[in-house]
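These notes are about the structure you will find just below.
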Amino acid sequence: MCGIVGYMGPRPAVPVVIEGLRRLQYRGYDSAGVAVHTDGGLCIVRATGKLIELEKKLDAEPLSGHLALGHTRWATHGRPSETNAHPHRTGGVAVIHNGIFENAEQIKARLTGNGSRFHSETDTEVLAHLVHSSLRTAKNLAEAVRKSLQKLKGSYAVAVMSESTPGTLVGARSGAPLIVGIGEVPGEYILASDLPALLPFTRRVIFLDDGDIAEITPKGITVTTMDGKKVRRAVTQVEMDPVSAEKGGYKHFMLKEIHEQPVAVSDALTGRLTARGLSFPAGKLDLQKIDRVIILGCGTSWHAAQIGRQWIEQLARLPASAEVASEFRYRDPVVSKSTLAIAVSQSGETADTLQALRLASERGAQTLAIVNALGSTMTREADETLLMHAGPEIGVASTKCFTNALVCLLLAAMELARIRRKLAPVGQQRILRELKHLPVWLEKVLRLESEIEKLAIRHREARNFLFLGRGDLAPVALEGALKLKEVSYIHAEGYPAGEMKHGPIAMLDRSFPVVSIMRKGAQLDKTASNLAEVRAREAPVIVIADRAGAKLAASGDDLITVPDTGDLVAPIILSVPLQLFAYHVAVHNGCDVDQPRNLAKSVTVE
């Protein structure tokens, strides 16, 4: 997702906007730009590449003013270029935009027919033209933005300013996050698409809801709906520490966040594991009425959902499914009042997952959001929220949020089992002991990093990988393959080990390494048989396993042995070596692991 920062206040606006954009760089972007109200009018500076390129331009031609917009763009419409970079301007109107206007081409054709000239390939420029036109009859900028957005379809977060109203900044959202920060000095306001951009300047924020339009002037903030009705939005005091978003001595955020997992898991469990057992915030949920569970997610969250599905079936004896949110939302799914829909999303803003959650809710399902972002849309719309408490995750490829999502899903499975009386006290205590010991096991796995790095160096030139696992390790194989693809750009597939002979085996040869994730139970002997088939094709074998699985490795295999753990938390433990493997393969191939090409941290468009 692109980054939005807007500033109005007594300070010089450009340094505030640039600092805010710097805090949003982790989301991935290909260009950046600022628009500033100066004494000479509205000025725009844009640049392709990293934020430093924009800063060089601003050093060469400094802009002074107290009202500004800034944006980091991840290309959706139009190639990465200075022309396509935001802000976009028509006349005296400047706009920045996250999301997609789905009917932009139709409106652009109509406007072009009426004499308008477009300079970019973007859908965003359409909004600039509409606002510029609407200002002729609207009573103020907020009304012009409202009238313009009523003509557009899609998801968006936008910020708009106009030369004719130098004391007004307007923001609006629908399907993409937008937050207003209330500064520490009178008349200071910061508009941003995510909290890290605000934290250097304020902790008092207003989370806008879908359909909100915020008109910001030195006198204050007025929030209205798309039909012009005034609404009140609560001011929230956030506690996130901006220092925790720094690298802390690590070379990359991704590595830092992999190593933060023991602490992150401890934070996720704090207050939830008590001397009396599990403390679960059921809140508005009536779990006794549940007879089916649907877990919704995309990418890494979908992989976590697949493991969570197995835990719910095993512990609570409830039918459960893990649904790709982007497919679920366009089906005609069978959902009832006795269905629990669990949405898993790091940001709480993932477009497809949010729409899938809404569909389930509309059809009567009870809803639970498992997210890492306090105040996100999902936390406000779901019946109940289970926060991951993973802390800021800056690296685009999710690591610690995957782990903490799994912890939360296991807690949910335990609570469902307790409610249904399917888990005896002795069984619950056993799982609680596993969870309490999980941070220690994670620390032990992280000590294997030097071994894993050597393994990564040995295989970094391979252009294809196959990851295999059985049972609850099949989703771990999918996640391991995804991590490698995301950060190293090497083709990798994850497969249930039993499915290998139904197609993938045809591709195996000496240049095609196979990563097998193994542990006691989980059909260990059958996985060993699959590996024998791999070796017969002379494909290199990498085994990631506990001691029981390690015993089945052959003399020619590469082997990483993790600590023996409880059965339920084993998928969490065995995921960490795969994260480290992907990281080191990518780094030794010269890839930017924190901002992989073509990827965004929070996907708020379809």
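Quick check on V17: is it part of a helix (DSSP H, G or I) and open to solvent by less than 10 Å² (accessible area, probe 1.4 Å)? Yes, satisfied. Checked against (1) modelled with pLDDT under 90; (2) open to solvent by less than 40 Å² (accessible area, probe 1.4 Å); (3) among the hydrophobic types (A, V, I, L, M, F, W, C), L357 passes all but a single condition, namely (1). Across the stretch 441-459, the qualifying residues are those that are in contact (Cβ under 8 Å) with a residue 60 or more places away in the chain and over 27 Å from the mean Cα position of the chain (by Cα), and the one among them that is most open to solvent (accessible area, probe 1.4 Å) is R458.
Just one residue in the set S116, S64, S133, S81 is farther than 27 Å from P166 by Cβ and not aliphatic (A, V, I, L, M); that residue is S81.
Checking the stated criteria, M378 turns out not to satisfy the condition of being over 18 Å from D209 (Cβ atoms), over 12 Å from the mean Cα position of the chain (by Cα) and buried (at least 21 other Cβ atoms within 10 Å of the Cβ).
Hey, does the stretch 333-353 have a residue that's under 23 Å from G480 (Cβ atoms), open to solvent by 30 Å² or more (accessible area, probe 1.4 Å), among the aliphatic types (A, V, I, L, M) and out of contact with any Ser or Thr (no Cβ under 6 Å at 6 or more places or on another chain)? Among the residues of the stretch 333-353, not one is under 23 Å from G480 (Cβ atoms), open to solvent by 30 Å² or more (accessible area, probe 1.4 Å), among the aliphatic types (A, V, I, L, M) and out of contact with any Ser or Thr (no Cβ under 6 Å at 6 or more places or on another chain), which makes the answer no.
Yes or no, residue by residue, for (1) in contact with a Phe, Trp or Tyr (Cβ under 8 Å, 6 or more places away or on another chain); (2) within 17 Å of I560 (Cα to Cα):
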residue	(1), (2)
V445	no, yes
A456	yes, yes
R460	no, yes
A477	yes, yes
K501	no, no
V515	yes, yes
D525	no, no
A532	no, no
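Would you mind stating whether I452 is closer than 30 Å to V543 by Cβ and among the hydrophobic types (A, V, I, L, M, F, W, C)?
It is true that I452 is closer than 30 Å to V543 by Cβ and among the hydrophobic types (A, V, I, L, M, F, W, C).
Among the residues examined, R309 qualifies as farther than 23 Å from G391 by Cα, open to solvent by 20 Å² or more (accessible area, probe 1.4 Å), within 23 Å of the chain's Cα centre (by Cα) and of a type outside the set (S, T, N, Q).
Scanning the stretch 528-569 for residues that are in a strand (DSSP E or B) and open to solvent by less than 40 Å² (accessible area, probe 1.4 Å) yields V541, I542, V543, I544, A545, D558, I560.
A405: farther than 25 Å from S174 by Cα, open to solvent by less than 10 Å² (accessible area, probe 1.4 Å) and in contact with a strand residue (DSSP E or B) (Cβ under 6 Å, 6 or more places away or on another chain), yes or no? In short, yes. Somewhere in the stretch 582-591, is a residue free of Cβ contacts under 8 Å to residues at least 24 places away in the same chain and not in a helix (DSSP H, G or I)? Scanning the stretch 582-591 turns up at least one residue that is free of Cβ contacts under 8 Å to residues at least 24 places away in the same chain and not in a helix (DSSP H, G or I). Counting residues in the stretch 102-109 that are among the acidic types (D, E) and within 14 Å of E215 (Cα to Cα) gives zero.
Residue-by-condition table, conditions (1) over 28 Å from the mean Cα position of the chain (by Cα); (2) of a type outside the set (A, V, I, L, M, F, W, C); (3) closer than 20 Å to L357 by Cβ:
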{"position": "S155", "(1), (2), (3)": "no, yes, yes"}
{"position": "V160", "(1), (2), (3)": "no, no, no"}
{"position": "T165", "(1), (2), (3)": "yes, yes, no"}
{"position": "T168", "(1), (2), (3)": "yes, yes, no"}
{"position": "G171", "(1), (2), (3)": "no, yes, no"}
{"position": "G175", "(1), (2), (3)": "no, yes, yes"}
{"position": "L178", "(1), (2), (3)": "no, no, yes"}
{"position": "G181", "(1), (2), (3)": "no, yes, no"}
{"position": "V185", "(1), (2), (3)": "yes, no, no"}
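The set of residues from the stretch 482-512 being within 22 Å of M254 (Cβ to Cβ), assigned to a helix (DSSP H, G or I), in contact with a strand residue (DSSP E or B) (Cβ under 9 Å, 6 or more places away or on another chain) and not hydrophobic (A, V, I, L, M, F, W, C) comprises K483, K485.
Open to solvent by 20 Å² or more (accessible area, probe 1.4 Å), over 27 Å from C591 (Cα atoms), touching an Asp or Glu at 6+ places or on another chain (Cβ under 7 Å) and of a type outside the set (S, T, N, Q) - does that describe any residue in the stretch 485-504? Within the stretch 485-504 (the criterion being open to solvent by 20 Å² or more (accessible area, probe 1.4 Å), over 27 Å from C591 (Cα atoms), touching an Asp or Glu at 6+ places or on another chain (Cβ under 7 Å) and of a type outside the set (S, T, N, Q)), the answer is yes, since at least one residue qualifies. For the stretch 423-437, a residue qualifies if it is surrounded by fewer than 16 Cβ atoms within 10 Å (Cβ to Cβ) and farther than 15 Å from A264 by Cα, and the qualifying residues are A424, P425, V426, G427, Q429, R430, R433. All of (1) in a strand (DSSP E or B); (2) of a type outside the set (D, E); (3) in contact with a helix residue (DSSP H, G or I) (Cβ under 9 Å, 6 or more places away or on another chain) hold for L199 with one exception: (1). Please list, ordered by first then second residue, the pairs with beta carbon atoms under 7 Å, 6 or more apart or interchain, first in the stretch 34-58 and acidic (D, E), second modelled with pLDDT of 90 or more. Going by the 7 Å Cβ cut-off, the qualifying pairs are E53/A47; E55/I18. Within the stretch 513-522, restricting attention to residues that are part of a loop (DSSP other than H, G, I, E, B) and buried (at least 17 other Cβ atoms within 10 Å of the Cβ), the residue that is modelled with the lowest pLDDT is A522.
I need the full set of residues from the stretch 269-313 which are assigned to a loop (DSSP other than H, G, I, E, B) and on the phi > 0 side of the Ramachandran plot, in order please. Show your work before the answer.
Filtering the stretch 269-313 down to residues assigned to a loop (DSSP other than H, G, I, E, B) leaves 270-272, 275-276, 279-286, 290-291, 298-299.
Correct list: G271, G283, G299.
Here L195, L199, L191 are screened, and the one residue that is at pLDDT 90 or above and within 22 Å of the chain's Cα centre (by Cα) is L191.
The values are calculated or read from the model by the stated rules, or taken from the named source; none is laboratory data. Keep in mind that what you see is a predicted model, and the values were worked out from it rather than measured. Neighbour counts are summed over all protein chains in view; Cβ atoms, including those assigned to glycine, are modelled from backbone coordinates with ideal geometry. Keep in mind that these areas ignore ligands, DNA and RNA; they rest on the heavy atoms of the full protein, side chains included. Shrake-Rupley method; radii C 1.70, N 1.55, O 1.52, S 1.80 Å.
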